[in-house]
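Nothing in this text is a laboratory measurement; each read-out follows from the coordinates by a stated rule. Bear in mind the structure is a predicted one, so any value in this text is a computation, not a measurement. Here Cβ is always computed from backbone atoms with ideal geometry, including for glycine, and neighbour counts include all displayed protein chains.
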Amino acid sequence: MSAFREWIDAAPGARLGLWQALASNYTAEICAGAGFDWLLFDGEHAPNNAQTLLGQLQAVAPYPVHVIARPPVGDAVSIKQYLDIGFTTLLIPMVDSAAQAEAIVAASRFPPRGIRGVASSTSRASRFGAQADYLATAHERVGIIVQIESGAALAAVEEIAAVEGVDGLFIGPADLAASLGYLGNPRAPEVQAAIDRAFAAIGAAGKPAGIFALDTDDARARAGQGFAFISIGTDIGLLANGGRALLRTCRA
Ligand code: 3PY
Ligand code: MG
């Protein structure tokens, strides 16, 4: 079973996570120590590359936190690099069809199960060759979560959720809103209805659903609705909001 599914299935209730967009080892370590259930390291919109992600991954390694990384795109090259440096659970943005989801799963498995390029003794994932069974067993631990964040994905969500090797589905409200014609307004009733429809389809497929909450009230509501993993904020938000609040307090 994937490490992701094992972590989700270990207990009922929502896992609360924090988005990492500062691209910093130091702040990642602070956030890991704060006790979040999971951290998302963002390679899609944050200024990250394999080198910066590696440092953050090493910084949080001592902490009991589930680590998820988002490559900029779900292509075979990005997926292989992210897995090689030691990420086990990947969140793939912009997945619009079952065929795309199948290709993503294939990119995360070595032949004959898929097409992932082979590095063993030179990859951190195999502990530089010390894990002798890595090539034979890596597929068992890898977790693939795909993002549902467009009108096309919404139309195909049942088929995407049914793809073997897709371990979870995560709704991206910002892109979903934009795709449906409500750029910057994920609270629009039409977007909220789309989220509910996707959530129902994911649940019907027996897969865990995740979402990026819009604020703490939304996070609580999504937890009550049955979302299994919820992003409740970002490292940038904590710093920016904390800084503004501190200034407000001291200037009052
Ligand atoms: C989105 O909202 O579009 C995301 O990708 C993450 O929340
Ligand atoms: Mg998005």
In Å, the Kirkwood estimate of hydrodynamic radius for the stretch 164-224 over Cα pairs equals 12.0 Å
May I ask what percent, to the nearest 5, of DSSP beta bridges between residues of the chain are antiparallel?
-> 0 percent
Average Cα contact separation per residue, the stretch 68-115, under 8 Å, 6 or more apart, as relative contact order % = 40 percent
For the chain, modelled as a Gaussian network with Cα springs under 10 Å, which listed residue fluctuates most, Ile211, Ile145, Ile115?
-> Ile115
In whole Å, what is the distance between the alpha-carbon centres of the stretch 1-64 and the stretch 139-155?
-> 18 Å
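Would you calculate, for the chain, the mean residue ellipticity at 222 nm contributed by helices, counting each DSSP H stretch of 4 or more residues as -39,500 (n - 2.57) and dividing by all residues, to the nearest 500?
Value at 222 nm, helices only: -13000 deg cm²/dmol.
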Potential extension, Ala204-Asp75 segment - 0.36 nm per residue separation minus Cα distance | 43.7 nm
Within the stretch 233-250, the residues whose backbone N lies under 16 Å from a label point placed 7 Å from the Cα of His45 along the Cα-to-Cβ direction are 233-241
Based on Cα positions only, what radius of gyration and what Dmax would you give for the chain, in angstroms?
-> 18.0, 65
